[in-house]
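The values are calculated or read from the model by the stated rules, or taken from the named source; none is laboratory data. Keep in mind that what you see is a predicted model, and the values were worked out from it rather than measured. Because the Cβ atoms are built from the backbone with ideal geometry, glycine has one as well, and the counts that use them run over all protein chains shown. Each accessible area value is taken on the protein alone, full model and side chains, heavy atoms only, with ligands, DNA and RNA left out. Shrake-Rupley method; radii C 1.70, N 1.55, O 1.52, S 1.80 Å.
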Amino acid sequence: MIKIGLQAEGTTESLGGTMAQGRLQRRILNPEAINGLKMISPTALYATLLLAVPLFLIFLYSFLTDGYLTIERIPTFGNYVETWTSPVFEKVLMRSLGVSMAVTAATVLAAFPMAYFVSFYVEPSKKSIWLFLITIPFWTSYLIRVFLWLVILGYNGVINSTLMGLGVITEPITAILYNANSVVITLAHAYAPFAILPIFVALEKIDRSLLEAGRDLGESPLMTFVRVTLPLALPGVVSAIMIVFIPTIGDYVTPSLLGGPEGKMVANLVQLQYLKLDNYPMGSATAVSSMAMVGIALIVGFAQSKLFRRVYGAFIGYSNAGLSILAALAAVLISFGACIVVGVVASGAFFAIVLAVAIGHIALLIWLKSQESKA
Amino acid sequence: MTLPAEQPTMIEFKDVHKYYGDYHALRGITATIRAGEFFSLLGPSGCGKTTLLRTIAGFEDISSGVVMIDAKDMAGVPANQRPTNMVFQSYAIFPHLTVAENVGFGLRKDPRTKEEKAKAVSEALEMVGLTGFGARAAHALSGGQRQRVALARALILKPKVLLLDEPLSALDKKMREQMQVELIKLQRQVGITFILVTHDQEEALVMSDRIAVMFDGEIAQLDDPETLYRKPANRRVANFIGTMNFLPAKIVSETSQSIQVEAAGFGSFTVAADQASGKKGDEETAVGFRPETLTILFDDQKASDREAMATVEEVVYYGDMTYYDIRLDGAPVAMRLSMRNVPGRPVLDIGARARVAWSTAALVLFR
């Protein structure tokens with residue numbers, strides 16, 4: 001009732017100022033909103049003190065100068081210039097991104113059939129047992145699970161001794177431990193439940209009569225899956241991707257125990273700068289930079305998925321995307337090119353490429369949005 | 001209403017059985033459905049009517065028997081290769097597609113050009129009264145509109161048989177009555193065989209050329225609506241279709257032409273042999289009659305056939321009609337009769353005495 005009254009007031013007023021005021025009143029000052037704010041205040045306070053304040057401090061540190069054993073309060077961009085032109089940071093960051101993408105791809109691709117099986121082939125009364133079984137790995141500490149992978153993947157580990165016993169290989173495989181591969185394997189296993197659950201929920205929500213309708217309208221089971229099940233499960237797949245990708249990029253434990261010298265990731269670099277080199281400003285600049293990379297990666301991913309949806313829609317035959325997709329791809333490439341030229345002139349090549357990707361994809365998102373509103 | 005009986009057969013069931021584990025869902029269905037017919041499967045929930053419909057669509061395998069569509073055995077033919085399309089009870093409109101994309105869903109493999117398909121889609125939308133709705137998101141539609149989209153989506157493929165699984169049950173009463181008429185018109189216009197599943201006897205009577213009444217996985221009676229109403233095969237069918245009064249009776253004598261019956265309240269009378277329903281000895285003998293076949297005589301009206309005195313036990317006033325529960329003098333049970341209300345004629349009170357008239361020709365004898 002309050003909402004309606006305020007809305008009416010807002011629309012009858014012609015001045016922009018009063019409308020903004022009305023919106024403020026509606027959003028924050030109405031009794032319900034105040035009540036809500038009161039209720040979240042303990043959590044909000046906790047989160048502010050323990051999350052926002054430290055984050056802000058790190059942000060602040062990254063713009064200060066490192067002295068010997070002290071931090072000097074001289075503002076500088078030097079830490080960022082060093083970070084973004086450093087070949088070590090470039091290599092480690094690219095490896096982190098690569099590992100996260102590999103983990104995400106492996107986890108989601110493995111999780112989908114699992115979620116599909118539980119949703120479509122398990123009796124409704126047994127579904128909760130299956131979900132319970134999926135969460136069993138959480139019963140043991142993550143550290144123990146990591147060490148178990150050590151036992152499985154090790155030089156004299158389960159895989160190597162089995163394969164040698166069977167005569168498949170004559171020498172132990174060393175490519176599966178103390179490098180990026182072992183990190184990917186371990187993380188993919190650890191994050192599987194996080195990927196299975198959102199996909200399962202999305203699949204559960206699909207009205208089964210939609211699948212019958214797909215069959216009824218002349219599509220084979222496979223094409224019904226492609227045209228009905230998959231598009232409707234996509235929100236679950238997207239959230240699975242986010243849930244796996246975001247935490248794995250900053251994972252510290254797994255690469256430090258299983259990564260070896262060739263498998264270290266960004267979090268290990270940050271730890272090195274903070275605790276071993278005692279260089280807080282550089283460590284902070286590295287941390288902030290890698291956070292920015294996650295943000296950029298998400299923008300890229302989001303833009304790509306929107307584009308993918310259009311391409312997919314055209315492919316399965318119910319959208320008139322066609323030429324407009326080609327135009328979009330051309331626009332992205334041109335913006336990439338422009339950004340790279342600007343970036344190379346201004347700073348290091350790595351920074352340039354990252355900037356190019358980000359700007360190109362923001363442009364793509366804006367363009368897709370305008371196309372949507374036109375339709 | 002009724003179709004010429006010489007239409008070719010579209011669907012044929014031969015002794016169809018269906019088991020779910022131990023549960024015997026279809027118990028030997030044998031029936032034929034003619035081409036171009038508006039056919040209804042009517043019955044209470046759990047009687048197997050939806051299962052039978054789904055065996056036509058190909059969503060259920062049958063345990064034994066034969067289902068033929070257009071003279072072809074459908075054994076092993078998957079749903080996507082059958083010449084049938086279905087309007088689902090939930091409508092099953094694809095929420096991720098627009099209205100036009102929903103309607104055009106089945107045209108993917110159609111060899112026509114994109115423009116021709118778009119034209120077919122807009123024609124289908126026009127046919128169901130949704131001109132200009134093509135670009136709308138499917139999830140923004142009302143119940144009635146969803147139903148129309150589901151119809152257009154099925155009919156655009158020009159199926160030999162259109163299957164409707166309780167399509168009107170989710171609509172409100174006004175909308176339902178309007179859609180009933182529209183469906184009948186649509187069926188006449190396209191000439192496709194429609195098979196409707198419903199638990200609403202009124203809906204079945206209004207819409208169908210023929211109705212199969214089902215109980216417990218069996219067809220209890222298959223007839224045109226008038227025969228079904230006038231002469232139900234047994235007491236269960238009679239109770240399911242409209243209201244019927246039953247009065248215990250005794251058969252005094254029987255010839256091949258007529259049957260002499262005695263019933264407390266009705267006295268002794270003769271009915272024609274074809275007024276008897278059911279096989280001999282199936283049920284306790286009773287005479288059945290519809291509420292509208294009894295009439296209360298006012299003032300000096302004369303009965304055309306027979307009359308007797310009765311007491312009014314209950315009065316239910318409906319505006320255009322009044323239902324009375326009356327007990328004929330000497331009858332063991334009260335009976336319901338309906339009278340159309342006429343200006344100037346009083347509605348009787350409980351306890352009033354009334355002269356009640358009936359015709360023995362309108363009775364059905366159950367035995």
So if I take the centroid of the Cα atoms in region A:80-119 and the same for region B:181-206, what is the distance between those two points in Å? 58 Å
Estimated inter-spin distance, B:Arg108 and B:Gln260, nm [label 7 Å along Cα→Cβ]: 7.4 nm
Angle between chain B longest axis and helix B:114-127 axis [Cα atoms, degrees, rounded to 10]: 20 degrees
Angle between the Cα long axis of helix B:173-190 and the longest principal axis of chain B, 0 to 90 degrees, nearest 10? 60 degrees
Take the Cα of A:Phe59, step 7 Å along the line toward its Cβ, and report every residue of region A:255-296 whose backbone nitrogen sits under 20 Å from that point. A:280-296
For a 20 Å ceiling on Cα separation, which of these pairs sit above it: B:Lys117/B:Lys158; B:Lys72/B:Lys117; B:Lys14/B:Lys185; A:Lys306/B:Lys114; A:Lys127/B:Lys49; A:Lys91/A:Lys264? B:Lys72/B:Lys117; B:Lys14/B:Lys185; A:Lys306/B:Lys114; A:Lys127/B:Lys49
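Compute the length gained on full extension between B:Asp61 and B:Glu116: take 0.36 nm times their separation in residues and subtract their Cα-Cα distance, giving the result in nm to one decimal. Don't skip to the answer; put the middle values down first.
Working: separation 55, 0.36 × 55 = 19.80 nm, distance 3.63 nm.
Net length gain for the segment: 16.2 nm.
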Could you calculate the FRET efficiency of B:Val77 with B:Lys185 from 1/(1 + (r/R0)^6), where r is the beta carbon distance between them and R0 is 35 Å, rounded to 0.05? 0.65
In nm, give the distance between the simple-model label positions of B:Ser304 and A:Tyr155, each being 7 Å from the Cα along the Cα-to-Cβ direction. 10.9 nm
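Output the antiparallel fraction of DSSP beta bridges having both residues in the protein assembly as shown, as a percent to the nearest 5.
The antiparallel fraction comes to roughly 75 percent.
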From DSSP H assignment alone, runs of 4+ in chain B each adding -39500 (n - 2.57), the sum over residues rounded to the nearest 500 puts [θ] at 222 nm at -6000 deg cm²/dmol
Given R₀ = 41 Å, FRET efficiency for B:Arg136-B:Arg27 by Cβ-Cβ distance, to 0.05? 0.35
Expected unfolding gain across B:Arg236-B:Met68 under the 0.36 nm per residue rule, minus the alpha-carbon gap, is 57.5 nm
Measure off 7 Å from each Cα along the Cα-to-Cβ vector at A:Val226 and B:Val252, then give the distance between these two points in nanometres to one decimal. 7.8 nm
Counting only protein heavy atoms and leaving out ligands, DNA and RNA, the solvent-accessible surface of A:Arg23 at a 1.4 Å probe, in Å² to the nearest 10, equals 110 Å²
Percent carbon-and-sulfur accessible area, the protein assembly as shown, ignoring ligands, DNA and RNA, probe 1.4 Å: 62 percent
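Work out how much length A:Lys91 to A:Thr162 would gain on full extension: take 0.36 nm times their residue separation and subtract the Cα-Cα distance, in nm to one decimal. Walk me through the numbers on the way to the answer.
Numbers: separation 71, 0.36 × 71 = 25.56 nm, distance 3.46 nm.
This chain segment gains 22.1 nm when fully extended.
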Expressed as an acute angle from 0 to 90° and rounded to the nearest 10, what is the orientation of the C-alpha long axis of helix B:143-155 relative to the principal long axis of chain B? 70 degrees
Run through every distinct alpha carbon pair of chain B and return the Kirkwood hydrodynamic radius in angstroms, one decimal place. 23.3 Å
Classify region B:200-306: rounded, prolate or oblate, from the alpha-carbon gyration tensor (a ≥ b ≥ c, eigenvalue square roots; a/c under 1.5 rounded; otherwise prolate if a/b is larger than b/c)? oblate
